1. If you take every DSSP beta bridge fully contained in the chain, what fraction is antiparallel? Give it as a percent rounded to 5.
2. Take the Cα radius of gyration of segment 36-105 and divide it by 2.2 N^0.38 Å, with N its residue count; two decimals is plenty.
3. So how do ILE21, ILE234 line up by other beta-carbon neighbours within 10 Å, fewest first?
4. Give me log10 I(q)/I(0) at q = 0.13, 0.26 Å⁻¹ for segment 92-142, Debye formula, one equal scatterer per alpha-carbon, no solvent.
5. Take HIS52, HIS259, HIS16 and order them by how many other Cβ atoms sit within 10 Å, fewest up front.
6. Which GluC sites (Glu not before Pro) does segment 77-142 hold that lie in a coil by DSSP with at most 13 other beta carbons within 10 Å?
7. Assuming R0 = 30 Å, can you tell me the calculated FRET efficiency for the pair MET340 and ALA299, based on Cβ-Cβ distance, to the nearest 0.05?
8. If neighbour count is taken as other Cβ atoms inside 10 Å, put ILE239, ILE34 in order from fewest to most.
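All of the numbers you see were taken from the coordinates with simple rules; none came from a lab. Just so you know, these numbers come straight off a predicted model, no measurement behind them. Note that we place each Cβ from the backbone using ideal geometry, even for glycine, and neighbour counts take in every protein chain shown.
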Amino acid sequence: MDATNLPAFPDDVPTHPLLVIDYALIKAREPDEIERLWTAATKLGFWYLKNHGVDEEVRGMFDMGAETMALPMEEKMKYEQGNEGMSFGCGYKAAGANAVDATGMLDTAQFINVAKDDALAWPVQARRDYPSTVNARMESTIRPFVEGSLAVNNTLLDVLNDKLGLPKGTLLQQHPREEFSGSETRVLYSPPSGDRQVVGSHTDFGSLSFLHNRLGGLQVLVPGTETWQYVKPIPGHAICNLGDAMTIFSAGILRSNLHRVMSPPGLQGAHYRFSLVYFTRPGNSVVLRALTDSSPLIADAAARAPDPKKYDTGMTSLDWFTRRIKNQRIANRKGPETWMASRGTEHSEPTVPTQVAV
Ligand SMILES: O=C(O)CCC(=O)C(=O)O
Ligand SMILES: [Fe+2]
């Protein structure tokens, strides 16, 4: 996709302004910028990130996505992720393989997902095999993008760790580089889809998503409102959002907000849409529960939570991820209960921390 030939995001469509966080200042542990990140992470769980330094790798990944999506359907289907949630969601996902709502409407997005474990182990195959277009760019494009995204996400986790009052490195220990996990990179591809949902309303499954949008279409449901609002892509700005694992670890202090993808608005809606994400997810064996033993702030939030059981899931990260992936596959649908079984932390009330001014 040549980003320079795309129409601009329309002026007359309402958007939700995210806070712009400067990664260079976060890396320098600048206190005011950390405070702004904390505000974004606790209030909406979405923010723009500028100066992240991964732009060149992002361009290569969009090319990899275009090359992969251009393969014959028959070739892509050899790598389809399957209905078991077992191949940890990795590989290719055909359009219409997932439900977008409780009625079983079908999604319109194709995905190519590459596991972090495979990108880092290449040329050794750690988890599964991929189309030739992925293999061809594993070394030159995918591994550098994964490394760059890991550096950014790990820095953000480290800063949030300290703000949550956790002992140094606690959050990073939930995401060991060497342990297999659901961490992956994804290129999404969708045709003009009119009023249909491209990706249904969801919270992200893991900890932290590092998203790159060129066309609009991403929408968030801002807490306290009932209307979906577009997030406008800004060149050079990534969009970061927190996932369920962070809400659970923090007993609701950090927010994993609902979002979905629609066709891009205005003239953009006539174009095929590509987007790119790196998802940081906890190690497979990590049990998803509030880190109450490690932080008084989290212990206090858990004690005040209306339904503390929500933050003691009894599930490992692998179980959580498999449950969500599997129950959104249309082939596994029995009825609306399958959709409900695919849901995340979206029904949690936010727990406002007592000791922190926001
Ligand atoms: O394509 C986008 O803008 C968002 C994709 C997304 O939310 C996801 O893959 O989880
Ligand atoms: Fe998402």
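1. On the way: 43 of 48 bridges.
DSSP beta bridges in the chain are roughly 90 percent antiparallel.
2. Numbers: Rg = 17.4 Å, N = 70, 2.2 N^0.38 = 11.1 Å.
Here the Cα radius of gyration is 1.57 times the empirical estimate.
3. On the way: ILE21 24, ILE234 14.
Lowest to highest Cβ neighbour count: ILE234, ILE21.
4. Results for segment 92-142 at q = 0.13, 0.26 Å⁻¹ read -0.42, -0.91.
5. Working: HIS52 26, HIS259 22, HIS16 18.
Exposure proxy ranking, most exposed first: HIS16, HIS259, HIS52.
6. On the way: sites: GLU80, GLU84, GLU139; in loops: GLU84.
Passing both the DSSP loop test and the Cβ count: GLU84.
7. Values: r = 30 Å, r/R0 = 1.00.
Efficiency computed from Cβ-Cβ geometry: 0.50.
8. Working: ILE239 23, ILE34 18.
Listing ILE239, ILE34 from fewest to most nearby Cβ atoms yields ILE34, ILE239.
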